[in-house]
Amino acid sequence: MLADGKVCIRNHRRVLQNIRRVMAWARAKNIRVISTEQIYDQSDTKHTWCTAGTEGAVKIAYTVRSNHVVFPADGCTDLPRDILKHYDQIILRKRCIDPFDEPRADRVLGELQVNEFIIIGATAEEAVKMTALGLLVRRKNVTILVDAVGTHDRAAAEIALRQAEAKGAKLADTKSLLGSSCLRLVGVCNCARCQGRTQKQSFGVGA
């Protein structure tokens, strides 16, 4: 999500700005949040990003609610009873792109008595698509906020979003949900664009 990350998403400033707005809205409306957190083991030589114990595996501060619970990616399915009555946010760690490949995440997303999901995050062509399709198969209502979703490959992301839409997902933007915003600075990334020092710098995928 950040400019100095190894696999920074395209247009990260706009995406982070909209994610921040959605998270603030969720707090204000007391809407529960279910998050996934991609983490790879330090012994994994194939993936050199989102590595356990590094800054790349740490969630951005404003995407974490104070009253939250974190579950490791350990292959278990155990969950406390009435979990969303006790926590504002569930954070599910995963070792794979598709959250439904993790047993506990599959149970949380499939069994909780929640029918309406709004999806933000990254990336559209991978985890966002797989999450949306998995929820739709489980007869959930899904809205993807396209301007709060990061991508690496714009063309692949467009195809992924259309695939989700064809299966029943709604595509919307943050303005349609939250209205207009005067937010200009993201306040987490130290790059010139996020700090408002330039308006014309562009970013691609980090090396």
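Computed from the coordinates by the stated procedures, all read-outs in this text should not be read as laboratory data. The shown structure was predicted, so the numbers you read here are calculated from the model rather than taken from an experiment. Neighbour counts are summed over all protein chains in view; Cβ atoms, including those assigned to glycine, are modelled from backbone coordinates with ideal geometry.
Here are a few things to note about the model shown:
- Dmax and Rg, reported as Rg then Dmax, of the range 94-195 (C-alpha, Å): 14.9, 43
- The gain in end-to-end length when the Arg32 to Tyr87 segment is fully stretched comes to 19.0 nm, 0.36 nm per residue minus the alpha carbon separation.
- Span from the the range 116-176 Cα centroid across to the the range 1-71 one, whole angstrom: 17
- Pairwise Cα distances in the chain exceed 26 Å in 32 percent of cases.
- Subtracting the Cα-Cα distance of Leu171 and Ala155 from their residue separation scaled by 0.36 nm leaves 4.1 nm.
- A simple count of charges around Gln163, restricted to other residues whose Cβ falls under 13 Å of its Cβ and scoring Lys, Arg +1 and Asp, Glu -1, yields -1.
- Relative contact order (%) - the range 12-178, alpha-carbon pairs under 8 angstrom, separation at least six: 21
- Electrostatic bookkeeping for Val114 treats Lys and Arg as +1 and Asp and Glu as -1; over the other residues with beta carbon under 10 Å from its beta carbon, the sum is 0.
- Proxy reagent accessibility, fewest Cβ within 10 Å first, across Lys29, Lys170: Lys29, Lys170
- What the Cα convex hull of the range 1-88 gives, in volume per residue, is 110 Å³.
- For Ile119, Ile83, order by how many other beta-carbon atoms lie within 10 Å, fewest first: Ile83, Ile119
- Electrostatic tally near Pro103: other residues with Cβ closer than 14 Å to its Cβ, Lys and Arg +1, Asp and Glu -1, net -2.
- Listed peptides 20-27, 173-180 by packing density, highest first (mean Cβ within 10 Å): 20-27, 173-180
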